[in-house]
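See below for the structure under consideration.
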Amino acid sequence: MAIRRMDNVLIVVEDLDAVIAFFVELGMELEGRAPIEGRWVERVIGIDDVRQEVAMLRIPDAPGRIELARFQQPQAIRPEPKDAPANTLGLRRVMFAVDDIDAVIARLRVHGAELVGELVTYQHEEGDPGVDSGYRLCYVRGPEGIIVGLAQETA
């Protein structure tokens, strides 16, 4: 038995509109948005009396989705510190391959995004797992502290 695919990554947010706009600017498409509540969702996530609004974004013409959820009830719990560093336990970022990393960074800055560190060039070294060429790489912190990794393959 094997995994067939990864369907999506969930990000819980407070400002659903701002985060949707950020990911749309990145190049994703809003697939749908709807209120979610009822016993079935309570049973799945293990929280009673849940009301939330969910948005699903997809990568055009490719697999991969981001699910955004804004909890109306109960309210979301904020982790500490708010802008956790890269070595904090848990899911830290989602990485996207892009065609023009400079243009993407410029577009995301309009939505308040900032580089976490620097834009660097990485060259493949023998034995690097999952890497077969060079990349320009950076982490960008967007709305609500969401960290997105960007990678542009180099020749």
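Quick note: the coordinates plus some simple rules give every number you see, no bench work behind them. Remember, it's a predicted structure, so these values are computed and weren't measured experimentally. Quick reminder, even Gly has a Cβ in these numbers, built from the backbone with ideal geometry, and neighbours come from all protein chains shown.
Kindly check whether there is at least one residue in region 16-32 that is among the acidic types (Asp, Glu), surrounded by 11 or more Cβ atoms within 10 Å (Cβ to Cβ), within 16 Å of the chain's Cα centre (by Cα) and not in a strand (DSSP E or B). Yes, because at least one residue in region 16-32 is among the acidic types (Asp, Glu), surrounded by 11 or more Cβ atoms within 10 Å (Cβ to Cβ), within 16 Å of the chain's Cα centre (by Cα) and not in a strand (DSSP E or B). Restricting the first member to region 9-37 and to residues that are without any contact (Cβ under 8 Å) to a residue 24 or more places away in the chain, and the second to residues that are basic (Lys, Arg), the beta-carbon pairs closer than 8 Å and six or more apart or on different chains are 35/51; 37/51. Restricting region 48-75 to residues that are under 19 Å from residue 93 (Cα atoms) and of a type in the set (Gly, Ala, Ser), which is surrounded by the most Cβ atoms within 10 Å (Cβ to Cβ)? So, considering only residues that are under 19 Å from residue 93 (Cα atoms) and of a type in the set (Gly, Ala, Ser), the one surrounded by the most Cβ atoms within 10 Å (Cβ to Cβ) is 55. Among the residues of region 53-78, those identified as polar (S, T, N, Q) and outside any loop (DSSP other than H, G, I, E, B) are 72, 73.
Could we say that residue 41 is under 18 Å from residue 148 (Cβ atoms) and either over 14 Å from the mean Cα position of the chain (by Cα) or in contact (Cβ under 8 Å) with a residue 60 or more places away in the chain (or both) here?
Values: under 18 Å from residue 148 (Cβ atoms): no; either over 14 Å from the mean Cα position of the chain (by Cα) or in contact (Cβ under 8 Å) with a residue 60 or more places away in the chain (or both): yes.
Criteria not met by residue 41.
Evaluate the following for residue 11: is it assigned to a strand (DSSP E or B) and surrounded by 10 or more Cβ atoms within 10 Å (Cβ to Cβ)? For residue 11, the condition - assigned to a strand (DSSP E or B) and surrounded by 10 or more Cβ atoms within 10 Å (Cβ to Cβ) - is met.
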